[in-house]
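Below is one structure, written out as structure tokens; the observations come after it.
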Amino acid sequence: MAAIIEFPHSMWISQHTIRFAFHEEISHTNFYAVQAFNRFLKKQLRHNLVESVASYHTVTAYIKQQINVDLLKRQWLEIQAATTNGERTNRLLKIPVCYDEEFALDRQRVMDYTGLSFEDMKMLHMSKSYYVYLIGFLPGFPYLGELDSKLFVPRLEKPRTSVSASSVGVGGGQTGIYPVDSPGGWNIIGKTPFELFDLNGKEPFLFELGDEVQFYEITKQQFWEMKSKGV
Amino acid sequence: MKPLLLIIKQGVYGSLQDKGRYGYRAFGIPLSGPMDKVSFQAAQLILQNHHDQTSFEMFVGGFEFEALADGIYVLTGGQGVCLVNNAPIEMWKTFHLTKGDRLMVKSMNQGSIIYLTPLGGFYSKYELGSSSCLPLGHLGTVITKGSILYGQAASPLKFNRGLYAPYRPTFDSAITIRIFKGPHFHLFMEKSQQQFLQNPFQFSGGNRMGYYLKGPVLQLQEMKEILSEATQFGSIQVPQNGNPIILMADAQTVGGYPIIATVHEDDLHKVAQMRMFNTIHFALEDM
């Protein structure tokens, strides 16, 4: 049986916003706590919840009417005691990436910083799965953690004025993918043929908070084939 | 859907807005919607439109329109100089445009934003549950010089309608705004906390994403990075330079700067109507 997750510290941000905070750190423990609490809030608050935004250590709930935090706390502890944490249902998304020079604009910079060959860098990037810790900065931009510390490269001092959509980058302790063409400062190491943000698709967003993401390599030819098929 | 107005001159910035794009903040989609909700809602009430109809929000001045069809409209928001065929008209009251008429929304005496709303609302592409325009996300319809604003079918008004002057919001050059302590208030130096609550700040520019303020430089007790977390319309962030930014309707949904305070939801429209050199005082409220 999993350990009981304590009720997070709550704070009213404004009349219709309440913030729940766990310990301020990026960790797996926090990730599970945040995702579990977010699911719990959606279930308990139902129609009173406009929407909620989770981050590394917080869940911020935008609500219609003020809620009784003490009641929520009791419910949280009851549910915790009654169930194990086995009900987590993360999706695992496999994301193809073409690491070809044409797309890996910061190939040299990443090699210089890390002292790794590009081949090793690729392998490390694909060696583990990541979690969507946070979405924001741009519509649908996923912050994926945690990156192997050997791949830590600071963001560009001077952000690019334009990074094309679907570019895969690393920045500090995280990796991410640009959903739309935009200015940006992450180190670009490849590109996926997938679209992250597609209003014409059945699901407009590829990623959801809490998803698990695994990258795998494709050739340039595969990239263009997948792209033309619009998968 | 019928063509109502042709934009002949585009002022500072104009965009179509309905009440906002709710439900997608977890995906990084900003709320959008009107900057000054009070003036926006008043327009829909005056016209007896549905509360979620679409208005054209203008950062004045210098807008000019040509009527492509007859129509009923209302102008709400800050106090501006508005002319039909060069004759001044009153805001907050319905008025009629005949095909070929020229409407000018020229300049502001008070405030910075004006809403132009037709009977039945404007038509705009409806995406992710809203017709509000968000250029960064390629959502909604971008309006520029030469664009046509389309209207929607609506039943006619029986009378001219409006809001009596005493009920119209006013927008002063010095405002006091209620705030709540933000999640990172305690991380600021005591002196900065006091200065934030006691000194006036001056509006130094901004747009639908954020309003920049200048005043005493606000400092953290220790330089430390905080983890990104959810923000909202009204979050007051303090970046490294110590000058606060109030996040507005199109602001990103998460942010990594310390949040010193959050604006009371009922005071957001006053913040939205600030203009160059206006001053703002913050009054702390308990939750």
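The values are calculated or read from the model by the stated rules, or taken from the named source; none is laboratory data. What you are looking at is a predicted structure, and each value in this text was computed from that prediction instead of being measured. Don't worry about glycine lacking a Cβ; one is built from the backbone with ideal geometry, like all the others, and counts go over all protein chains shown.
The set of residues in segment B:256-287 being of a type in the set (Ser, Thr, Tyr) and crowded, with 24+ Cβ neighbours inside 10 Å consists of B:THR262 alone.
Can you pull out every residue in segment A:1-20 that is in contact with a helix residue (DSSP H, G or I) (Cβ under 8 Å, 6 or more places away or on another chain) and within 7 Å of chain B (Cβ to nearest Cβ)?
A:SER14, A:GLN15, A:HIS16 - these are the residues of segment A:1-20 that are in contact with a helix residue (DSSP H, G or I) (Cβ under 8 Å, 6 or more places away or on another chain) and within 7 Å of chain B (Cβ to nearest Cβ).
For the condition of a type in the set (Gly, Ala, Ser), assigned to a loop (DSSP other than H, G, I, E, B) and within 23 Å of A:ARG19 (Cα to Cα), what is the one hit in B:ALA261, B:ALA283, B:ALA251? Reasoning before the result, please.
Values: B:ALA261 fails: assigned to a loop (DSSP other than H, G, I, E, B); B:ALA283 fails: assigned to a loop (DSSP other than H, G, I, E, B).
Answer to the selection: B:ALA251.
Cβ-Cβ distances below 7 Å connect the following pairs, each with a first residue in segment A:65-79 that is free of Cβ contacts under 8 Å to residues at least 60 places away in the same chain, a second residue that is among the hydroxyl-bearing types (Ser, Thr, Tyr), and a separation of six or more residues or different chains: A:VAL69/A:SER10.
Rundown of residues vs (1) more than 24 Å from B:MET274 (Cα to Cα); (2) surrounded by 15 or more Cβ atoms within 10 Å (Cβ to Cβ); (3) within 14 Å of chain A (Cβ to nearest Cβ); (4) among the aliphatic types (A, V, I, L, M), yes/no style:
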residue: B:GLY151; (1), (2), (3), (4): yes, yes, no, no
residue: B:ALA174; (1), (2), (3), (4): no, no, no, yes
residue: B:LYS181; (1), (2), (3), (4): no, yes, yes, no
residue: B:HIS186; (1), (2), (3), (4): yes, no, yes, no
residue: B:PRO200; (1), (2), (3), (4): no, yes, no, no
residue: B:GLY206; (1), (2), (3), (4): no, yes, no, no
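Note on segment B:232-244: among residues that are crowded, with 24+ Cβ neighbours inside 10 Å and outside any loop (DSSP other than H, G, I, E, B), the one that is nearest to the other protein chains (Cβ to nearest Cβ) is B:SER235.
Being assigned by TED's automatic domain parsing to the domain that holds B:LYS158, under 24 Å from B:ASN278 (Cα atoms) and not aliphatic (A, V, I, L, M) narrows it down to one of B:GLY71, B:GLY62, so name that one. Answer to the selection: B:GLY62.
Only a single item in (1) surrounded by 14 or more Cβ atoms within 10 Å (Cβ to Cβ); (2) under 17 Å from A:PHE20 (Cα atoms); (3) at pLDDT below 95; (4) not aliphatic (A, V, I, L, M) is not met by A:GLN66, and it is number (1). I'd like to know if segment A:28-48 contains one or more residues that are aliphatic (A, V, I, L, M), touching a His at 6+ places or on another chain (Cβ under 8 Å), within 12 Å of chain B (Cβ to nearest Cβ) and surrounded by fewer than 18 Cβ atoms within 10 Å (Cβ to Cβ). So far as segment A:28-48 goes, no, none of its residues is aliphatic (A, V, I, L, M), touching a His at 6+ places or on another chain (Cβ under 8 Å), within 12 Å of chain B (Cβ to nearest Cβ) and surrounded by fewer than 18 Cβ atoms within 10 Å (Cβ to Cβ). For segment A:174-226, the candidate set comprises residues that are within 14 Å of another protein chain (Cβ to nearest Cβ), over 24 Å from A:PRO159 (Cα atoms) and acidic (Asp, Glu); within that set, the residue that is surrounded by the fewest Cβ atoms within 10 Å (Cβ to Cβ) is A:GLU203. Can you pull out the residues in segment B:96-142 that are of a type in the set (S, T, N, Q), surrounded by fewer than 23 Cβ atoms within 10 Å (Cβ to Cβ) and in contact with an Asp or Glu (Cβ under 6 Å, 6 or more places away or on another chain)? Result: B:THR98, single match. The criterion of being within 14 Å of chain A (Cβ to nearest Cβ) and more than 25 Å from B:ASP172 (Cα to Cα) holds for B:GLU229. Just checking, does segment A:98-105 include any residue being in contact with a helix residue (DSSP H, G or I) (Cβ under 7 Å, 6 or more places away or on another chain), outside any loop (DSSP other than H, G, I, E, B) and touching a residue at least 12 places away in the same chain (Cβ under 8 Å)? Within segment A:98-105, one or more residues are in contact with a helix residue (DSSP H, G or I) (Cβ under 7 Å, 6 or more places away or on another chain), outside any loop (DSSP other than H, G, I, E, B) and touching a residue at least 12 places away in the same chain (Cβ under 8 Å). When B:LYS224 is tested against (1) of a type in the set (Lys, Arg); (2) over 24 Å from B:ALA174 (Cβ atoms); (3) modelled with pLDDT of 95 or more, exactly one condition is not met: (3). Taking the criterion of being assigned to a strand (DSSP E or B), over 15 Å from the mean Cα position of the chain (by Cα) and not hydroxyl-bearing (Ser, Thr, Tyr), the residues of segment A:152-203 that qualify are A:VAL153, A:ARG160, A:VAL163, A:PRO183, A:GLY184, A:ASN187, A:ILE188, A:ILE189, A:GLY190, A:LYS191. Scanning segment B:53-88 for residues that are surrounded by 17 or more Cβ atoms within 10 Å (Cβ to Cβ) and not in a strand (DSSP E or B) yields B:GLN53, B:THR54, B:VAL60, B:GLY61, B:LEU68.
Sort out which residues of segment B:122-145 are in contact with a Cys (Cβ under 8 Å, 6 or more places away or on another chain), of a type in the set (Ser, Thr, Tyr) and either within 11 Å of chain A (Cβ to nearest Cβ) or under 17 Å from A:ASN200 (Cβ atoms) (or both), and write them in order of number.
Of all residues in segment B:122-145, those in contact with a Cys (Cβ under 8 Å, 6 or more places away or on another chain) come to B:124, B:139-143.
Next, from what is left, pick out any that are of a type in the set (Ser, Thr, Tyr): B:124, B:141.
Within segment B:122-145, B:THR141 is the sole residue that qualifies.
Which of (1) in contact with a Phe, Trp or Tyr (Cβ under 6 Å, 6 or more places away or on another chain); (2) hydrophobic (A, V, I, L, M, F, W, C); (3) within 14 Å of another protein chain (Cβ to nearest Cβ); (4) closer than 20 Å to B:THR176 by Cβ does B:MET274 not meet, given it meets every other one? Exception for B:MET274: condition (3).
Would you check which residues across segment B:4-40 are among the polar types (S, T, N, Q) and either within 15 Å of B:SER132 (Cα to Cα) or within 12 Å of another protein chain (Cβ to nearest Cβ) (or both) and list them?
Residues of segment B:4-40 among the polar types (S, T, N, Q): B:10, B:15, B:17, B:32, B:39.
Once the filter is applied, which keeps residues that are among the polar types (S, T, N, Q) and either within 15 Å of B:SER132 (Cα to Cα) or within 12 Å of another protein chain (Cβ to nearest Cβ) (or both), segment B:4-40 yields B:SER15, B:GLN17, B:SER32.
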